[in-house]
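Novice: Before I ask anything, let me first share the structure, which is written out below as structure tokens.
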Amino acid sequence: CKTVASPGRGILAIDESSATCGKRLASIGLDNTEVNRQAYRQLLLTTAGLGEYISGAILFEETLYQSTTDGKTFVDVLKDQNIMPGIKVDKGLVPLPGSNNESWCQGLDGLASRCAEYYKQGARFAKWRTVVSIPCGPTALAVKEAAWGLARYAAIAQDNGLVPIVEPEILLDGDHGIERTLEVAEKVWSEVFFYLAENNVLFEGILLKPSMVTPGAEHKEKASPEAIAKNTLTMLRRRVPPAVPGIMFLSGGQSELEATMNLNAMNQSANPWHVSFSYARALQNSVLKTWQGQPENIEAAQKALLVRAKANSLAQLGSYTGEGESDEAKKGMFQKGYTY
């Protein structure tokens with residue numbers, strides 16, 4: 001936990017399923033093959049100097065067991081840069097019967113043995129993503145299911161030596177204002193911590209991956225980074241014990257620039273936790289566009305990754321200015337009903 005939550009560093013999330021990674025590759029005209037997925041992830045993980053800004057990398061199961069084309073395991077590549085290898089352990093979202101068209105996250109069956117195997121392979125933390133939808137209510141059933149599932153997973157992960165990342169993502173979908181998001185976030189996190197305590201989860205040994213408190217993506221007025229920081233920190237202070245070492249925000253479809261600006265605004269004053277990032281699209285978007293699947297573009301794509309990683313490192317330290325950002329970094333990446 002302390003290594004991941006170290007100053008000026010955050011998490012690179014590259015745990016997209018093979019299908020979702022395929023969508024990313026398709027956006028630059030590449031086929032969804034294991035060779036192409038491996039090539040892309042090798043580009044990301046072998047970026048020289050990445051460990052200065054990145055403290056952990058969440059991997060998909062396939063990637064945890066892969067190696068570079070030179071035969072070095074990705075786990076060893078990460079360890080050499082003092083980056084903790086992590087693993088996505090949930091089995092994805094499925095419809096929740098009896099709810100208002102909501103979902104629940106499956107994957108508890110066999111989780112203990114999988115966590116033990118992942119630990120043997122070199123993983124040191126785990127991730128489980130469930131979601132809550134404001135336009136669908138959210139119903140009390142969906143919130144309770146999300147909180148209980150996260151708590152059971154966290155207890156099982158800790159029992160097998162892995163730090164659990166606890167992630168109830170409150171989706172950006174909807175046209176509600178920021179006050180409604182704050183209300184729902186407080187409700188969700190109060191239930192999550194209630195059930196974490198019920199399951200005897202050690203708070204000093206978890207990391208959180210919350211969504212920022214923002215208006216719905218379809219709301220008529222955008223909120224400033226200052227307003228988002230104020231509402232998000234209000235929620236965290238009311239709900240999250242200071243025993244928790246790190247809060248690693250997801251970007252959830254914000255543009256690369258928005259995600260960085262909002263994180264920077266949250267670090268303008270001292271927080272009881274390490275407030276940082278665990279970004280996927282907000283670290284990878286420019287990289288993919290630069291790479292285009294061409295070997296001659298690898299170096300430029302790795303530079304693009306370092307630019308984004310450094311910007312978010314500065315934001316974690318509260319010293320990001322936003323100067324010199326590209327137009328590409330300003331493009332939103334919201335997708336309605338986003339799935340991994």
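Novice: Based on DSSP H runs of at least 4 residues, each adding -39500 (n - 2.57), what is the mean residue ellipticity at 222 nm of the chain after dividing by all its residues, to the nearest 500 deg cm²/dmol?
Specialist: Theoretical 222 nm ellipticity from helices: -13000 deg cm²/dmol.
Novice: Further question on the same structure: Expressed as a whole number of Å, what is the distance separating the alpha-carbon centroids of the stretch 166-181 and the stretch 225-284?
Specialist: Going from one Cα centre to the other spans 14 Å.
Novice: What does the charge add up to near Glu183, with Lys and Arg as +1, Asp and Glu as -1, over the other residues with Cβ less than 13 Å from its Cβ?
Specialist: In short, +2.
Novice: Another one. Can you list the aspartates and glutamates whose alpha carbon is less than 18 Å from that of Lys310, not counting same-chain residues fewer than 8 positions off?
Specialist: Excluding near neighbours in sequence, the set is Glu52, Glu256, Glu258, Glu299, Glu323, Glu325, Asp327, Glu328.
Novice: Let me ask another. Mind ranking Cys1, Cys105 by accessible surface for me, highest first, 1.4 Å probe?
Specialist: Solvent-accessible surface, decreasing: Cys1, Cys105.
Novice: For the stretch 10-330, what is the convex hull (Cα atoms) projected area averaged across all directions, in square nanometres?
Specialist: So the Cα hull casts an average projection of 15.5 nm².
Novice: Tyr119: accessible area at probe 1.4 Å, nearest 10 Å²?
Specialist: The value for Tyr119 is about 90 Å².
Novice: Please find, in a Gaussian network model of the chain (springs between Cα atoms separated by less than 10 Å), the residue of Gly252, Gly161, Gly98 whose mean-square fluctuation is greatest.
Specialist: Gly98
Novice: As a test, work out the antiparallel percent of DSSP beta bridges whose residues both lie in the chain, rounded to the nearest 5.
Specialist: That works out to approximately 10 percent antiparallel.
Novice: Further question on the same structure: Using alpha carbons only, what's the Rg to Rh ratio of the stretch 108-211 with Rh from Kirkwood?
Specialist: 1.02
Novice: Against the empirical 2.2 N^0.38 Å scaling, what ratio does the C-alpha Rg of the stretch 1-72 come to?
Specialist: 1.18
Novice: Report the accessible area of Thr33, computed with a 1.4 Å probe over the heavy atoms of all protein chains in place, in Å² rounded to the nearest 10.
Specialist: 60 Å²
Novice: Which entries of Lys127/Lys230; Lys91/Lys120; Lys187/Lys220; Lys2/Lys209; Lys187/Lys209 have Cα-Cα distances beyond 22 Å here?
Specialist: Cα-Cα > 22 Å for Lys127/Lys230; Lys187/Lys220; rest within.
Novice: So how strong a dipole does the chain carry about its Cα centre when Lys and Arg Cβ are +1 and Asp and Glu Cβ are -1, to the nearest 20 debye?
Specialist: Dipole size: approximately 320 debye.
Novice: Same structure again: Rounded to the nearest 0.05, what FRET efficiency do Glu183 and Glu226 have when you use their Cβ-Cβ distance and R0 = 30 Å?
Specialist: In this case the efficiency is close to 0.90.
The values are calculated or read from the model by the stated rules, or taken from the named source; none is laboratory data. Just so we're clear, the structure is a prediction, and the values are computed from it rather than from any experiment. Neighbour counts are summed over all protein chains in view; Cβ atoms, including those assigned to glycine, are modelled from backbone coordinates with ideal geometry. What goes into the accessible areas is simple: the full protein's heavy atoms, side chains included, and nothing from ligands, DNA or RNA. Shrake-Rupley method; radii C 1.70, N 1.55, O 1.52, S 1.80 Å.
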